[in-house]
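See below for the structure under consideration.
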Amino acid sequence: MREIPPVTSTDLLSRNQEELRDVQNRRFRHQIALCFRTHPYYQELFRRLKLIPKDFQTLEDVQKLPVTTKKDYLSDPEAFRLTGLPEFLPQERTLWDVHYTTGTTTGIPAPFFNTTHDFFSCLEAFKRLAGIVGMTAQDTVINLYPLPPFPHLSSRFPSGVMAVGASVVSPLMSGLEFNRNLDEVVWMIEQQKGTVLGGIGSYVRRVIMRAEELGADFSQVRLVLVAGEPCPRGTREEMRQRLLRLGASKHHLAIKSSLGFTEMQGSTGECVELGGSHHPAPDQIHFEVLDEQRHLPLPDGMPGLLTITHLDRRGTVLLRFAIGDLTAISHEVCPHCRRQGPRLVTNTVRTFELVKFNGALLNPDALKEAIATVEGIEEYQIVFTRQQRDDLSSPDALLVRVAAQPGEQERVRRELGETVTGATSMHPSIEFVQSLNDIFDPNQTFKSTRVVDLRAKET
């Protein structure tokens with residue numbers, strides 16, 4: 001049998017730092033030149049700051065610009081789109097698609113424009129990502145991302161899989177008129193002998209749980225790729241044990257997480273579980289971590305505000321754009337796979353998810369990590385409320401809603417209370433629900449609401 005060729009013929013991440021930075025600088029200068037000529041928002045910013053193209057020679061010069069915020073972008077998304085130049089090739093000027101970002105405070109999706117040039121770049125980035133996470137052309141990939149009500153980043157996943165040369169099966173679950181329930185999804189995975197499962201972590205977990213209830217055969221599954229929310233170590237281990245009971249091989253099974261967002265038009269990926277998340281296309285997008293207040297670059301390993309600068313786009317272009325996440329980056333050679341390029345080395349925290357609790361700022365991910373280590377929890381939800389709900393001066397209170405088997409509830413109550421208090425010094429109230437679906441119904445929605453803050457509603 002003929003040997004299957006590698007996913008990519010050239011791997012930028014195998015080059016040394018100097019070669020990689022040279023590629024980045026050349027693309028950065030070209031992107032800046034285009035922005036000076038045909039980008040409404042940055043043309044006005046350059047004029048106001050009295051900057052000229054020669055002021056931007058290396059990536060370090062992007063620090064001459066203020067951070068672009070989501071508020072800046074959402075106020076006029078069209079102003080962040082390059083207008084076609086006469087010398088643009090057809091693929092540079094042709095609109096391929098428009099994706100919409102859902103992370104807006106108004107709830108109104110904001111458009112993000114991709115030309116054919118941009119789309120092909122996304123496919124190249126996905127091919128590199130596949131090499132990082134271990135997806136090959138021999139795989140049958142089950143696309144467990146839902147069919148959204150508007151074009152979204154998740155709709156890029158099937159195209160990326162096809163670019164790798166793998167087979168892709170899309171159940172096309174939707175909360176709208178067209179939908180497939182969990183049983184149908186499990187049946188498709190079993191019948192198609194899926195080897196890779198990709199989707200939002202909480203939904204993929206519930207698919208695996210339902211498969212175990214049905215006694216399905218998932219013996220071909222060797223790789224789970226989750227995105228859209230954190231996937232703590234405890235959750236991964238629970239999913240692993242369920243998959244092993246469904247026939248997966250303990251020697252080949254891996255559960256890997258990634259960070260993806262619309263403005264990246266792709267995601268990072270782990271070469272090994274919990275080993276750091278690689279940026280597959282540093283020649284397309286530059287990552288920078290900044291001090292939250294002064295917006296100065298931070299050294300490797302120090303958490304701060306993640307910003308991106310596009311280096312080779314023709315549709316929507318963003319420079320020093322704050323995506324709203326806190327993380328830390330390492331530029332050291334990966335000790336696991338020896339790749340170059342930036343790697344996210346801490347859990348990424350969404351700034352809008354930080355919660356003020358009894359006067360202190362709290363990251364709910366610490367609670368999620370602790371809860372995920374308690375066996376027997378089938379679903380959970382973290383609720384921030386008040387000790388006296390009708391009294392605005394009442395101290396804050398933490399409630400954890402839990403689904404667990406009746407015979408397990410007393411043990412879960414005891415262990416959960418001890419674990420959460422030990423990890424966070426918080427003393428939760430614990431409430432058991434009758435059904436998993438009281439917290440998260442995967443036949444109605446495709447991402448769990450892990451954190452609810454009732455205090456605003458109680459005012």
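No value in this document is a laboratory result; all are computed from the given coordinates. Just so it is clear, the model here is predicted, and its values are computed rather than measured. In this analysis, Cβ positions are derived from the backbone assuming ideal geometry, glycine residues included, and neighbour counts consider all displayed protein chains.
Any chance you could list the semi-axes, whole Å, largest first, of the equivalent ellipsoid that the Cα gyration tensor gives for the stretch 126-285, using √(5λ)?
Numbers: eigenvalues 102, 71, 42 Å².
Semi-axis lengths for the stretch 126-285 are 23, 19, 14 Å.
How far apart, in nm, are the 7 Å Cα→Cβ label points at GLU431 and ARG48?
Each label point lies 7 Å from its Cα, and together they span 4.6 nm.
Select from the stretch 164-233 those GluC sites (Glu not before Pro) which occupy a DSSP coil region and have at most 11 other Cβ atoms within 10 Å, ordered by residue number. Display every interim value, and only then the final one.
Numbers: sites: GLU177, GLU184, GLU190, GLU212, GLU213; in loops: GLU177.
Hits after loop and neighbour filter: GLU177.
What percent do you get for the relative contact order of the chain when only Cα pairs under 8 Å and 6+ apart count? Before the final figure, lay out each step's value.
On the way: 886 pairs, mean separation 63.1, N = 459.
For the chain, the relative contact order is 14 percent.
Which of the lysines could a cross-linker bridge to LYS54, judged by Cα under 22 Å and excluding same-chain residues fewer than eight apart?
Partners found: LYS64.
Which entries in the list LYS368/LYS447; LYS70/LYS256; LYS256/LYS447; LYS70/LYS127 go over 22 Å, if you measure between the two C-alpha atoms of each? Don't jump to the answer; show the numbers that get you there.
Details: LYS368/LYS447 15 Å; LYS70/LYS256 28 Å; LYS256/LYS447 17 Å; LYS70/LYS127 29 Å.
Cα-Cα > 22 Å for LYS70/LYS256; LYS70/LYS127; rest within.
Let me check I've understood the local charge: for GLU124, count other residues with C-beta under 14 angstrom from its C-beta, Lys and Arg +1, Asp and Glu -1. What total comes out? If you can, show how the numbers build up before the last one.
Values: positive: ARG27, LYS127, ARG128, ARG156, ARG313; negative: ASP11, ASP118, ASP283, ASP312.
Net charge in that neighbourhood comes out at +1.
How much net charge surrounds HIS286 when only other residues with a Cβ under 13 Å from its Cβ are counted (Lys, Arg +1; Asp, Glu -1)?
Values: positive: ARG21, ARG26, ARG27, ARG29, ARG313, ARG320; negative: GLU60, ASP61, GLU263, ASP283, GLU288, ASP312.
For residues surrounding HIS286, the net value is 0.
Quick query: amide H of ASP453 versus all other amide H atoms, modeled in the peptide plane; which residues come in under 5 Å with a sequence gap of 5 or more or a different chain?
Here the answer is PHE384, since their amide H atoms fall under 5 Å of that of ASP453.
Considering only DSSP beta bridges with both partners in the chain, what is the antiparallel share in %, to the nearest 5?
Details: 39 of 62 bridges.
About 65 percent, rounded to the nearest 5.
I need the phi-derived Karplus couplings for the stretch 122-136: 6.51 cos²θ - 1.76 cosθ + 1.60, θ = phi - 60°, integer Hz, Gly and Pro marked x.
Computed from phi, the couplings for the stretch 122-136 are 4, 5, 5, 4, 5, 4, 5, 4, 4, x, 5, 7, x, 7, 10 Hz.
Just the Kirkwood number for the stretch 354-453, please: inverse of mean 1/r across all distinct Cα pairs, in Å, one decimal.
On the way: mean 1/r = 0.0708 Å⁻¹.
One over the average 1/r among Cα pairs gives 14.1 Å for the stretch 354-453.
Given a Förster distance of 25 angstrom, what is the FRET efficiency for THR445 paired with GLU212, based on the Cβ-Cβ distance and rounded to 0.05? Write out the running numbers ahead of the final one.
Working: r = 21 Å, r/R0 = 0.85.
Efficiency at R0 = 25 Å is approximately 0.75.
Kindly express, to the nearest 10 degrees and within the range 0 to 90, the angle between helix 17-38's C-alpha long axis and the longest C-alpha principal axis of the chain.
So the helix axis and the longest Cα principal axis differ by about 70 degrees.
So how much slack lies between SER394 and GLU78, counting 0.36 nm per residue of separation and subtracting their Cα-Cα distance, in nm? Intermediate values should be presented prior to the final figure.
On the way: separation 316, 0.36 × 316 = 113.76 nm, distance 4.56 nm.
The span from SER394 to GLU78 would gain 109.2 nm if fully extended.
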